[in-house]
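Every read-out reported here was derived from the displayed coordinates using simple, explicitly stated rules and does not represent laboratory data. Computed from a predicted model, the values in this text were never measured in an experiment.
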Amino acid sequence: MIRSRNLVVFAALNGAMAVMTGAFAAHGAGPAVKTLLATGAHYQLAHAVLALVCAVWPARDRLVRAAGWLAATGGLVFATALSLIALGGLSIMGAVAPVGGMFMILGWILLAIAGFRTQTTDA
């Protein structure tokens, strides 16, 4: 059933990174960085799940595969940018975070288009 093993691996590693970052935000981070880390982890984990859904999508569809890669990459870019702002003080990464956000949004849009185009037997 897995259509894209590489996407599954990438998404799973994103998920693991998100859990580690979220745990650090909850238990080890100071108040000044906690919100940024938790926000990045939240978005990264949600988009890792979306990428997994795309990787096991029943139909072989390039739009769905692209949606999965955009979601996973966007989540990683967004979370990494927020982490570098929080932990490294690299405020310039504030210009990179929206790129990750755009990738995530495009992933959802491509999945919606693929879902609309997919023919189903149910009403």
**Request:** Give the Debye-formula value of log10 I(q)/I(0) at each listed q (0.13, 0.15, 0.18 Å⁻¹), with one equal scatterer per alpha carbon of the chain, two decimals each.
**Result:** -0.52, -0.65, -0.85
**Prompt:** In whole percent, what relative contact order does region 5-117 give with Cα contacts below 8 Å and a gap of six or more residues?
**Reply:** 27 percent
**Message:** Counting just the Cα atoms, what span does region 1-53 cover along each of its three principal axes? Round to the nearest Å and put the largest first.
**Reply:** 43, 13, 11
**Prompt:** Calculated from DSSP H runs of 4 or more alone, at -39500 (n - 2.57) each and per residue, what is the 222 nm mean residue ellipticity of the chain, nearest 500?
**Reply:** -27500 deg cm²/dmol
